[in-house]
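Written out below as C-alpha cells is the structure these notes cover.
Nothing in this text is a laboratory measurement; each read-out follows from the coordinates by a stated rule. As the structure is a computational prediction, the values presented were derived from the model and not from experiment. FYI the Cβ positions are ideal-geometry reconstructions off the backbone, even for glycines, and counts take in every protein chain you see.
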Amino acid sequence: MTSRPNHSASAGNAVELVQLAAATAVSKRARQPVALDLREVGGVCDYFLIVSAASEVQVKAIAEAVEEKLRDQGARPWHVEGFEGRRWVLLDYVEFVVHVFHEKTREYYMLDRLWGDARSLKLDLDDAD
C-alpha cells in the first residue's frame, strides 16, 4: 500500500482549488455542494468537497469536468477511484478530496453528518452559473 504524500500546497491555494472545483461542479448541475474544513478534526486531508448528482452519467460528467478544470490550474489528483461504478467518484488531491456522489449514495454514506464537527468552508458560488 502506498502512503499518502506530504501536503505540498499552501492552505490558501487548496481553498482556492476547492472553490474552483465547487464552481465547476455546480456549472455541471451538481447539487448540494458542501465544503468542510477538516484541519481541526483530524481528517485524512485538510478539506472535503461533497456534491451530488442526479444520475450516474452526471456523476461521471461532474468528476471529469472538475478533474479537467483543476488540471488546467496545474493540480493533478494523487488518487482517483469510482469512475467505473459512477455512484461515488473520489478525486484525492492530498490537501483536499472531491467527492461526487449519486444522490442515493450520498444519502446512504452521509459523509456530511459523519464529519459534522468540521466547520463549513465558504464556497462563493453566487456567480458560479
**Q.** Rel. contact order, % - alpha carbon contacts under 8 angstrom, at least six apart, the chain
**A.** 31 percent
(Q) On alpha carbon coordinates alone, what is the Rg over Rh value for the range 31-120, Rh being the Kirkwood radius? (A) 0.95
Q: Just subtract the alpha-carbon distance of SER27 and HIS79 from 0.36 nm times their residue separation and send over the number in nm, one decimal.
A: 16.4 nm
Q: In debye, nearest 20, what is the charge dipole magnitude of the range 31-120 about its Cα centre with +1 on Lys and Arg Cβ and -1 on Asp and Glu Cβ, if you could check?
A: 200 debye
Q | 10 Å Cβ shell holding at most 12 others, DSSP loop, GluC sites (Glu not before Pro): longest site-free stretch of the chain | A | 85-129
Q: Describe numerically, in nm with one decimal, the distance between label points set 7 Å from Cα along Cα→Cβ at ASP124 and at ASN13.
A: 1.8 nm
